[in-house]
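These notes concern the structure reproduced below.
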Amino acid sequence: MGGSTNGIRFPTTDLPSPFGELGNTLSDSELRETVYEIFVGVCRSSGGKPLTYIPQSEKNERSPSFSSYSSPSSISPSLQRSLTSTAASKVKKALGMRSKKSPAKETSPSRSKKPVTVGELMRVQMGVSEQTDSRIRRGLLRIAAGQLGRRVELMVLPLELLQQFKSSDFPDQQEYEAWQMRNLKVLEAGLLLHPLLPPEKSDSAAQRLRQIIRGASEKLIETGKNNESMQILRSAVMSLACRSFDGSVSDSCHWADGFPLNLRLYQMLLESLFDANEETSIIEEVDEVLELIKKTWVILGVNQMLHNLCFTWVLFHRFVATGQVENDLLFAADNQLAEVAKDAKATKDSVYSKILSSTLTSIMGWAEKRLLAYHDTFYLENIDLMQSIVSLGVSAAKILVEDISHEYRRKRKEEVDVARNRIDTYIRSSIRTAFAQASHFHLIMEKADSSRRSSKNQPNPLPVLAILAKSVGELATKEKDVFSPILKRWHPLAAGVAVATLHACYGNELKQFIRGITELTPDAVLVLRAADKLEQDLVQIAVEDSVDSDDGGKGIIREMPPYEAETAIANLVKGWIKTRVDILKDWVDRNLQQEVWNPRANKDKFAPSAVEVLRIIDETLDAFFQLPIPLHPALLPDLMTGLDRCLLHYISKTKSGCGSRNAFIPTMPALTRCTTGSKFAWKKKEKLQAQKRKSQVGTMNGENTLGIPQLCVRMNTLQHIRGELEVLEKRVVTHLRNAESAKPDDIANGLGKKFELSPPACVEAIQQLSETTAYKVIFHDLSHVLWDGLYVGEPASARIEPMLKELEENLELISDTVHNRVRTRVITDIMRASFDGFLLVLLAGGPSRSFSKQDSQIIEEDFSALKDLYWSNGDGLPDDLIDKCSKTAREVLPLFRTDTESLIERFRRMMLESYGPSAKSRLPLPSTSAQWSPTEPNTLLRILCYRNDDVASKFLKKTYNLPKKL
């Protein structure tokens, strides 16, 4: 992170930035140019008058100044102050630093001939070219001209500069592209990656800004004018920048005051305090420059506490970065840290605490003892120094033990390896220290994040142990690549000892974590998954390191008992599945009790509860595959079985209580000789006796959950579920393909990723409900025109037309309500039921019906009309289906036009065939079968019972002594 203000970078890999990474590709030079623009902007806006830009040619004729503005009152007086007026620095005195003049300053190009202002010094210190400086000032003048009197903190500076410049303002297209992309990356960092107030995921302005930035990487935005692209950009940027914590529109613009962007920018400003020509010296004009730098606080969101902390880090960092040769810098950092200590006591701000923790951890880590914490002391660039220090330390230890210790002489035969023991101690101590630092750091960060999230409703980050696992893995890799090759000179299993120690350190944390887990959470899975990967990596390093050892590394491997994280994951996932399935089952029970099966509930006429239950199943599957586990294929069957059983429960509940076809078929009356004068109390099943005519009408109007429309909605719902299950199964296959641990066999094998029970249950339930609907319509809803009306008394005056009229109305209602994939089945079942009802009227219609041979023509005409209703001039059911369903009736109806004597003769013959010679002397009463047929004795007997003539009446009286009344 380090570097001089003039672009020279220092190797400081042992001192990572405590402020964190920005997450995009903004370089130090880009950050420096951005904060220089802020610096110029705030200094410019401290005056009240607009600025006038002086061209480069005229500048040479005037006294060079930082801003070359024509209105002295428009800038801060500090900017105009000549270097010759700089007094002894109060800042240096407070830091305990010596003031000294550098000869290099007098020969600096920026200080030749005429005296320069503090502002011009700042330009040189920050490495900004005159050309860039001129462009910045020109842009600020244009902004000032367009927004007279508007303070810089009330605008988003990168946005305003984009508005002012087009490609022709740059010497070449490449520089223009870099300039535009820098400004867009600054907006991205300040408003999307590190905003003061993070936007919601659904924030349209944030989404729009991301799209604009992505698009600009392929095709640049046309800047420098108020076109549509710039208007869209302005709208998105201002919407994000002007938000406040209470939801109101803020007066100020927040675009560079989010952590860590603000501190990275502010760090660049503070680094400009170091002399560009003498990297360990702070400039003599530090007081004036710092006074101007503090003007940026209003934009960067910096206060005195953050300034003190950042300045401490910059001083300490420069000391380390320049080879620890200038003790003045370390002394100054220590003095400044005293101010930080006062600040830390006075505040409980969580964000400040996080930055403070990060900064002090970096400083403390560097300051640890060299070998007992060598991870904080040595790095790739100074690794040679490590070898020298290890050699020195081991040599001293050997002298102490071998030449002085009497205890050693007594144990000499055991060949105590002092060097190996010391290196073992160094490795274990340094590893534990590094692990403890990482663990402590992540825990503090997690607590600070947790506190901040609870007050701002921010999403949870990665769990601390998952982050720690990644850190431990990185630590092991670094150990193997950087330190172990050196330490191996004294300890042949250096890398093995290191990873075994890391394995134990992380294992202790993991054991406590596993003890506290009672259910699967995303955090638990992430931690266990990270632990499993870490263990594999650590064991691999240990195995590779011990190839040439005497025991093949068995001793080291014994130090690494397995975490068994995968087993823990599997058990947790099974618990997670059970919990989700139990919740879904309870939801089904609760919601189906309230479901009214209203066809008007949605345009597709199926139950809202089905939509919801499918959504929950879909979300559960998504959540399962989003679990960061390696066991998706293995555990998927458990989840699918559980979800399948929940759906089966829903399907069962959907059809339950609706009855069956048999519930609506009337009880077959006892045989009697019929006469139209008889009064026969028609008995139906007990369940139907309670349903009065009024309720039948209400059912047609959909006033209860068992009406015809509601039954149709139930069928629609089941059909919808059946179709959606196919979609869900395809999505499961897609999920499996994307699962990292899935093998081709897992995807090819159908087991475990299909709903086995629900689809056939849907088919069966639809069939049951369809038959129930059909027989309810015919035998219940139309009973007044079928049982009470058709052929009662004189057949010629009680024909089928009233029934056809009401039946057609029912068919239209059902056709409009039921799903088109189910419609044919339901209409077909109604047709079957109506044919059954028609035959029941003819063959078991009770004493109020009787037929003469001549009535057969009426009967056949009515049956033909009934069939035509379903054919519907070719728009209804197909001919072959109608023929198939009407086969029984078409075979039975000719018996009604057969003369009585022939019927009696045929009946006798069939009885002999059925019962043998014993039927000759006395005909037994044939049993009532479930099927009518012209070859079945009971069918013939019933036609004779309803035959209105003396021959039939005498035969029945003589043969069976059947009464005319029951």
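Of all residues in region 619-638, those that are assigned by the TED database to the domain that holds Thr734 have Cβ atoms under 6 Å from Cβ atoms of residues that are surrounded by 15 or more Cβ atoms within 10 Å (Cβ to Cβ) and β-branched (Val, Ile, Thr), 6 or more apart or on another chain, in Leu627/Val525; Pro628/Val525; Ile629/Val525; Ile629/Ile569; Leu635/Val573; Asp638/Ile577.
Summed over region 723-740, residues that are open to solvent by less than 70 Å² (accessible area, probe 1.4 Å) and outside any helix (DSSP H, G or I) total 1.
Within region 462-479, residues that are modelled with pLDDT under 90 and in a helix (DSSP H, G or I) have Cβ atoms under 8 Å from residues that are aliphatic (A, V, I, L, M) and open to solvent by 40 Å² or more (accessible area, probe 1.4 Å) in these pairs: Val464/Leu443; Ala466/Leu526, counting only partners at least 6 apart in sequence or on another chain. Selection of region 877-893 for residues being over 25 Å from Arg821 (Cα atoms) and not small (Gly, Ala, Ser) yields Lys887, Thr888, Arg890, Glu891, Val892, Leu893. Restricting attention to region 800-811, does a residue exist that is among the β-branched types (Val, Ile, Thr) and surrounded by fewer than 20 Cβ atoms within 10 Å (Cβ to Cβ)? No, because not a single residue in region 800-811 is among the β-branched types (Val, Ile, Thr) and surrounded by fewer than 20 Cβ atoms within 10 Å (Cβ to Cβ).
Of the set (1) touching an Asp or Glu at 6+ places or on another chain (Cβ under 8 Å); (2) in a loop (DSSP other than H, G, I, E, B); (3) not basic (Lys, Arg), all apply to Asp251 but (1). Give the residues of region 875-927 that are within 56 Å of the chain's Cα centre (by Cα) and open to solvent by less than 70 Å² (accessible area, probe 1.4 Å), sorted by residue number. Passing the criteria: Gly876, Leu877, Pro878, Leu881, Ile882, Cys885. Among the numbered conditions (1) buried (at least 22 other Cβ atoms within 10 Å of the Cβ); (2) over 26 Å from Ala346 (Cα atoms); (3) of a type in the set (Gly, Ala, Ser), the only one that Ser250 does not meet is (1). Within region 699-709, one or more residues are of a type in the set (Asp, Glu), open to solvent by 20 Å² or more (accessible area, probe 1.4 Å) and modelled with pLDDT under 90. List the pairs whose first member sits in region 508-522 and is among the acidic types (Asp, Glu), whose second member is surrounded by 10 or more Cβ atoms within 10 Å (Cβ to Cβ), and whose Cβ atoms are under 8 Å apart, counting only residues at least 6 apart or on separate chains? Here the result reads Glu509/Ser439; Glu509/Leu465; Glu509/Leu468; Glu519/Leu572; Glu519/Gly575; Glu519/Trp576; Glu519/Thr579, each pair linking region 508-522 to a residue that is surrounded by 10 or more Cβ atoms within 10 Å (Cβ to Cβ).
Quick grid of which residues meet (1) within 60 Å of the chain's Cα centre (by Cα); (2) modelled with pLDDT of 95 or more; (3) within 24 Å of Cys674 (Cβ to Cβ); (4) aromatic (Phe, Trp, Tyr):
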{"residue": "Val785", "(1), (2), (3), (4)": "yes, no, yes, no"}
{"residue": "Met803", "(1), (2), (3), (4)": "yes, no, yes, no"}
{"residue": "Glu806", "(1), (2), (3), (4)": "yes, no, no, no"}
{"residue": "Thr824", "(1), (2), (3), (4)": "yes, no, no, no"}
{"residue": "Gly845", "(1), (2), (3), (4)": "no, no, yes, no"}
{"residue": "Arg849", "(1), (2), (3), (4)": "no, no, yes, no"}
{"residue": "Asn873", "(1), (2), (3), (4)": "yes, no, no, no"}
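Within region 196-210, is even one residue over 24 Å from the mean Cα position of the chain (by Cα) and either farther than 15 Å from Ala256 by Cα or open to solvent by 30 Å² or more (accessible area, probe 1.4 Å) (or both)? So far as region 196-210 goes, yes, one or more of its residues are over 24 Å from the mean Cα position of the chain (by Cα) and either farther than 15 Å from Ala256 by Cα or open to solvent by 30 Å² or more (accessible area, probe 1.4 Å) (or both). Quick one: would you say Thr672 is open to solvent by less than 60 Å² (accessible area, probe 1.4 Å), outside any helix (DSSP H, G or I) and among the hydroxyl-bearing types (Ser, Thr, Tyr)? For Thr672, the condition - open to solvent by less than 60 Å² (accessible area, probe 1.4 Å), outside any helix (DSSP H, G or I) and among the hydroxyl-bearing types (Ser, Thr, Tyr) - is met. Checking Phe319, Phe245, Phe259, Phe274 one by one, the residue that is within 15 Å of Leu356 (Cα to Cα) and of a type in the set (Phe, Trp, Tyr) is Phe259 and no other. Hey, any hits in region 572-594 for a residue that's open to solvent by 30 Å² or more (accessible area, probe 1.4 Å), polar (S, T, N, Q) and closer than 30 Å to Cys505 by Cα? No. Here is the figure for region 575-603: residues that are over 28 Å from the mean Cα position of the chain (by Cα) and charged (D, E, K, R) total 3. Taking Lys225 as the residue in question, decide whether it is farther than 19 Å from Gly190 by Cα and of a type in the set (Lys, Arg). The answer is yes for Lys225. The condition (being within 30 Å of Asn382 (Cβ to Cβ) and without any contact (Cβ under 8 Å) to a residue 40 or more places away in the chain) is satisfied by just one residue among Leu337, Leu273, Leu263: Leu337. Considering only residues in region 463-496 that are β-branched (Val, Ile, Thr) and within 14 Å of Ala434 (Cβ to Cβ), the one that is surrounded by the most Cβ atoms within 10 Å (Cβ to Cβ) turns out to be Val472.
Here Trp297 fulfils each of the conditions (1) at negative phi; (2) open to solvent by less than 40 Å² (accessible area, probe 1.4 Å); (3) not aliphatic (A, V, I, L, M) apart from (2). Out of the residues in region 552-569 meeting the condition of being surrounded by fewer than 16 Cβ atoms within 10 Å (Cβ to Cβ) and part of a helix (DSSP H, G or I), tell me which one is modelled with the highest pLDDT. The selected residue is Arg558.
Within the set Ala919, Ala952, the sole residue that is in contact (Cβ under 8 Å) with a residue 24 or more places away in the chain and part of a helix (DSSP H, G or I) turns out to be Ala952.
The residues of region 828-858 that are out of contact with any Leu (no Cβ under 6 Å at 6 or more places or on another chain) and β-branched (Val, Ile, Thr), listed by number, are Thr828, Ile830, Ile858.
Only residues that are open to solvent by 50 Å² or more (accessible area, probe 1.4 Å), outside any helix (DSSP H, G or I) and more than 25 Å from Ala623 (Cβ to Cβ) were counted across region 501-551, and they come to 4. Within the set Asp246, Asp287, the sole residue that is among the acidic types (Asp, Glu) and more than 26 Å from Met122 (Cβ to Cβ) turns out to be Asp246.
The values are calculated or read from the model by the stated rules, or taken from the named source; none is laboratory data. What you are looking at is a predicted structure, and each value in this text was computed from that prediction instead of being measured. Here Cβ is always computed from backbone atoms with ideal geometry, including for glycine, and neighbour counts include all displayed protein chains. Surface areas here come from the heavy atoms of the whole protein model, side chains and all, with no ligands, DNA or RNA. Shrake-Rupley method; radii C 1.70, N 1.55, O 1.52, S 1.80 Å.
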